[in-house]
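Heads up, the thing below is written out as structure tokens.
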Amino acid sequence: MDAKTNSYHIEVSGLSIEVIRKDIKNFYISVHPPNGRIRVSAPLRLDDDAVRMAIISRLGWIHRKQAEFIKQQRQSQREFVTGESHYFAGRRYRLDVTEQNCPPSVKLLNNTRIGLTVRPGTGRDKREAVFHTWYREHLRTQLPPLLAKWQPKMGVSVNEARIKKMKTLWGSCNIEAKRIWLNLELAKKPKSCLIYVLVHEMTHLLERHHNDRFHELMDTFLPQWRTYRDELNKAPLTHENWRY
Ligand SMILES: [Zn+2]
């Protein structure tokens, strides 16, 4: 048990459930996106058996909620077919797929359309991989000029900035190695968001923690950072609950 929050996990009919003990009158149960995580707030007076019984009586509702989230997740998955919406650098584009016997590629056709060329019979996953390569290339060309600008401005030096697919982080910083990782998903976002995440991670080279000093530094380097952060966390998101 975590002494600070009084929370622990119990298992009920194959489900792992987080239980939080509080000085409250009623029993609350909630199911959270994206994976259907279940959390229960229980009054101190109920013992574990009573908590179990309360959960069991709501299993039907829990399963319905979980099924909804799984459906939502499936709907947000792209198939990489003509007509779909895809995001690039903060703009929404319509995808046009062409099947042709030549090396696969992605390019902007105009202000509203992205073209994906693949060999005939190319499946969904391979189409996605072609897209990801293109996103990665885009970020790779953005980074050197940004680093050249921000390193002297902030008085820090970055040994390495790399791009990676990450599930819950927009960016991360290994302070000792002075290495920064940026999420591939940033290619879909406006450039201001990429700058925000990069400056945030670079600020960690000056201050490890998200404390007052950290926010003062961010205010100095990038006074509009809160606007960019909000922009970053606006829909469409691939995952909920992003952290930095
Ligand atoms: Zn951070």
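Confirm whether Ala42 is on the phi > 0 side of the Ramachandran plot, surrounded by 14 or more Cβ atoms within 10 Å (Cβ to Cβ) and modelled with pLDDT of 90 or more.
On the way: on the phi > 0 side of the Ramachandran plot: no; surrounded by 14 or more Cβ atoms within 10 Å (Cβ to Cβ): yes; modelled with pLDDT of 90 or more: yes.
The answer is no for Ala42.
Let me confirm something: among Tyr135, Tyr93, which residue is without any contact (Cβ under 8 Å) to a residue 60 or more places away in the chain, touching a helix residue (DSSP H, G or I) at 6+ places or on another chain (Cβ under 8 Å) and open to solvent by less than 80 Å² (accessible area, probe 1.4 Å)?
Working: Tyr93 fails: touching a helix residue (DSSP H, G or I) at 6+ places or on another chain (Cβ under 8 Å).
Answer to the check: Tyr135.
Could we say that Glu84 is closer than 30 Å to Thr168 by Cα, without any contact (Cβ under 8 Å) to a residue 12 or more places away in the chain and surrounded by 15 or more Cβ atoms within 10 Å (Cβ to Cβ) here? Write out each step before concluding.
Details: closer than 30 Å to Thr168 by Cα: yes; without any contact (Cβ under 8 Å) to a residue 12 or more places away in the chain: yes; surrounded by 15 or more Cβ atoms within 10 Å (Cβ to Cβ): yes.
So Glu84 passes the test.
Among the residues of the stretch 210-225, what is the count of those that are within 9 Å of the ligand (Cβ to nearest atom) and open to solvent by less than 30 Å² (accessible area, probe 1.4 Å)? Before the answer, list the steps.
The initial filter retains those residues of the stretch 210-225 that are within 9 Å of the ligand (Cβ to nearest atom), namely 210, 214.
Applying the additional criterion that residues be open to solvent by less than 30 Å² (accessible area, probe 1.4 Å) yields 214.
Matching residues across the stretch 210-225 total 1.
Only one residue in Lys191, Lys164 is of a type outside the set (Phe, Trp, Tyr) and under 30 Å from Ile70 (Cβ atoms). Which one? Walk me through how you get there before you give the answer.
Values: Lys191 fails: under 30 Å from Ile70 (Cβ atoms).
Within the list Lys191, Lys164, the selection yields Lys164.
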Does the stretch 89-105 contain at least one residue that is β-branched (Val, Ile, Thr) and not in a loop (DSSP other than H, G, I, E, B)?
-> yes
Of the numbered conditions (1) open to solvent by 30 Å² or more (accessible area, probe 1.4 Å); (2) at pLDDT 95 or above; (3) away from the ligand (no atom under 14 Å from the Cβ), Leu194 fails exactly one; give the number of that condition.
-> (1)
The one condition Val81 fails out of (1) within 21 Å of the chain's Cα centre (by Cα); (2) within 21 Å of Glu185 (Cβ to Cβ); (3) of a type in the set (A, V, I, L, M, F, W, C) is (1)
Among all residue pairs at least 6 apart or on different chains, which show Cβ distances below 7 Å where the first residue, located in the stretch 175-203, is hydroxyl-bearing (Ser, Thr, Tyr) and the second is more than 15 Å from the ligand (Cβ to nearest atom)?
-> Ser192/Glu231
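Looking at the stretch 58-81 only, could you name the residues that are acidic (Asp, Glu) and either within 30 Å of Val118 (Cβ to Cβ) or in contact (Cβ under 8 Å) with a residue 24 or more places away in the chain (or both)?
First, pick out the residues of the stretch 58-81 that are acidic (Asp, Glu): 68, 79.
Glu79 - this is the single residue of the stretch 58-81 that is acidic (Asp, Glu) and either within 30 Å of Val118 (Cβ to Cβ) or in contact (Cβ under 8 Å) with a residue 24 or more places away in the chain (or both).
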Of Glu207, Glu176, Glu185, which residue is over 17 Å from the mean Cα position of the chain (by Cα), among the charged types (D, E, K, R) and away from the ligand (no atom under 14 Å from the Cβ)?
-> Glu176
Expected output for the stretch 106-119 (first residue touching a residue at least 12 places away in the same chain (Cβ under 8 Å) and under 14 Å from Tyr87 (Cα atoms), partner assigned to a loop (DSSP other than H, G, I, E, B) and open to solvent by 20 Å² or more (accessible area, probe 1.4 Å), Cβ below 8 Å, 6+ apart or cross-chain) is Gly115/Leu109; Leu116/Pro104
Unmet requirement for Ile29, which otherwise passes all of (1) without any contact (Cβ under 8 Å) to a residue 40 or more places away in the chain; (2) open to solvent by 60 Å² or more (accessible area, probe 1.4 Å) = (2)
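Only residues that are among the hydrophobic types (A, V, I, L, M, F, W, C), crowded, with 20+ Cβ neighbours inside 10 Å and within 16 Å of the ligand (Cβ to nearest atom): list them for the stretch 159-172, please.
Selection gives Ala161, Trp170.
The values are calculated or read from the model by the stated rules, or taken from the named source; none is laboratory data. What you see is a predicted model, and the numbers here were worked out from it, not measured in a lab. Note: ideal-geometry Cβ built from the backbone for every residue, glycine included; neighbour counts use all protein chains shown. Calculation scope for accessible area: heavy atoms of the full protein, side chains included, ligands and nucleic acids excluded. Shrake-Rupley method; radii C 1.70, N 1.55, O 1.52, S 1.80 Å.
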